[in-house]
Structure formats: structure tokens, C-alpha cells
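Here's the structure we're looking at; comments come further down.
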Amino acid sequence: MTARPSPLPSGISASAATMVGLAIAVLWAWLVRQPLWHTDLWGHLAYGRLIVENRGLPALEPFLEHSVDTPLVDSAWLSQVIGFVVIRWSGVAGLQLLFATLVTACAVLTMVPVCWPSRVGDGRAAAHPRAALAGAAVFLAAGWQQLEIIRPQLAGLVCFTALAAVVARPGKSRWRTTAVIVLMVSWANLHGSFVVGWLLLAAQAAGRICDRWRRTGCWSSVRRDRVVWRRCRHLVLGVSATLLTPHG
């Protein structure tokens, strides 16, 4: 009778997995009790309320007294609607829960390439849970001034870390292409920072081209490389996907 394969990645023990899980749980439990920083929270909720009540996006700036005739392109409309729906149905506690979940998701997604690396060829990529936890801690410490405020930018950061985790894993997979499209469509409607996703996908493609050229010194080898074409396809599809917004 053959043994069932372990669901844990190669190189990570049950104790290490428990340590990572416990750290994630402690982080989330601490964040969910933090007061909401008010900087621009209520302004975004006001836009969300206006969109929900009018069942459409405002064409002109609705709140700034001296800019009422200015055309408005609200690239964060979906984040604003989600925030308003959450506070309407579950109050401030719901926003605290959403905040804790988003920040924790960012930290977890930064650990994915290190804790769950993919196999390359016939080799085994070892997992490094302690390095992943250290990296997540540095990420939280360096960006805490931005992370502590619940606003559409935080949703954009979740999309960025998710996209980075998806494209960092090598190999051909249909789900990866689908994930790139879904993430870029969501990002374009959640926050205007989706252009950073274009740069990430372009950097992935350019990095593979440069690496292939450095290794072979032959452009024909670059043109025949399937990974190059796959990453270029991700770039084209990712950029095209961001056109699927109410603004066109």
C-alpha cells in the first residue's frame, strides 16, 4: 500500500508549517483589534454611498465645492462600493475585519514564493519558512505607515502581491493565465495603481529575455523560448484586461 503524498511542500516540516500558521493567526488577531485610521476613509465611503444610491458612477466631482464642474474618473469605485456595503451591513467592526484580512493577505502572499516554491525541471526547490516569515516581517515594518490606513490603495497592494506570487512560480499552467487576467481586471476597478501591474509583467518578460540572451547569446534561442512567449502573453492579456472598466 503506497503512502499518501504529504500536502506540505518539499523541505517544510509539520512544525514549521504550524509556526507559519500560528504567526498568521496572531497577526490577523492583532490587526482586527486595531482602530481604523481615519485619514481618507470617510471620503472614500462617501463616494461609495453616492455610487450605490445613484446606481452609477458620477460623471462630475460631487463633493469638492470649487470643482463641481470637473469631470471625474473614479478608478477606485469598486473599493469604495465594497467599503460602503461593508460598513452599512456590519458597521465599523466589519471594516476592521476587512482591514485585518487585507493586510494579512498581503503578508501571506509575500511568503508564498518562499514557503511554496515550484519544482524546476527534475530538481526539488526547498521551502524556507523562517526566511518567509522574516521577509513578511520586513515587508510589514517597512510599509506599515501605508498599511495602517484602510483605503483603496490597500486593495491595490493585495492585487500586486497576488500577481507577484502568481508570476513568480515557473511552469506552464492555464490557471496562471486566468489568474493574471482576473487580478488585472479586479485591480483596474479597485485602485489606479494597476499600472504597477503592467510594469511587473513587463519586468518578468524582459528579465526572461535578458537571461536567455545572457545564457545563449543567440536571438533565435530567445525567439524559440516558450517561457518568453508565455510571459509576453501575460503582459498583453494583463494590459488588455485593465480596459474592462466602466470608464473603458
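The values are calculated or read from the model by the stated rules, or taken from the named source; none is laboratory data. Worth saying up front: this structure is predicted, and the values here are computed from it rather than measured. These accessible areas exclude ligands, DNA and RNA; they are computed on the full protein's heavy atoms, side chains included. Shrake-Rupley method; radii C 1.70, N 1.55, O 1.52, S 1.80 Å.
Accessible surface comparison of 245, 18, probe 1.4 Å, protein chains only, largest first: the order is 18, 245. Coupling constants for region 20-29 follow from the phi torsions by the Karplus curve (6.51 cos²θ - 1.76 cosθ + 1.60, θ = phi - 60°), and in residue order they are 5, x, 5, 4, 5, 5, 5, 4, 5, 5 Hz; glycine and proline get x.
Computed from backbone phi, the HN-Hα couplings of region 52-66 come to 5, 5, 8, 6, x, 7, x, 7, 10, 4, x, 10, 7, 4, 8 Hz, rounded to whole numbers (Karplus: 6.51 cos²θ - 1.76 cosθ + 1.60, θ = phi - 60°; Gly and Pro given as x).
Using the Karplus relation 6.51 cos²θ - 1.76 cosθ + 1.60 with θ = phi - 60°, the per-residue 3J(HN,Hα) values for region 152-163 come to x, 4, 5, 5, x, 5, 4, 4, 5, 5, 5, 5 Hz, with x marking Gly and Pro.
Can you sort 72, 60 by solvent-accessible area, 1.4 Å probe, largest first? Spell out each step's value before the answer.
Working: 72 35, 60 80 Å².
The ordering from most to least exposed comes out as 60, 72.
If DNA, RNA and ligands are ignored and the probe is 1.4 Å, what is the ranking of 229, 187 by accessible area, most exposed first? Kindly include the intermediate steps, with their values, before the conclusion.
Working: 229 150, 187 5 Å².
Final ranking, largest accessible area leading: 229, 187.
Rounded if a/c is under 1.5, else prolate if a/b beats b/c, else oblate: with a ≥ b ≥ c from the C-alpha gyration tensor eigenvalues square-rooted, which is region 147-224? It is prolate, given that a/c is not under 1.5 and a/b is the larger ratio. Pairwise Cα separations in the chain fall into 5 Å bins from 0 onward with the following percentages, short to long: 1, 6, 11, 14, 15, 15, 13, 10, 7, 4, 3, 1, 0, 0, 0, 0.
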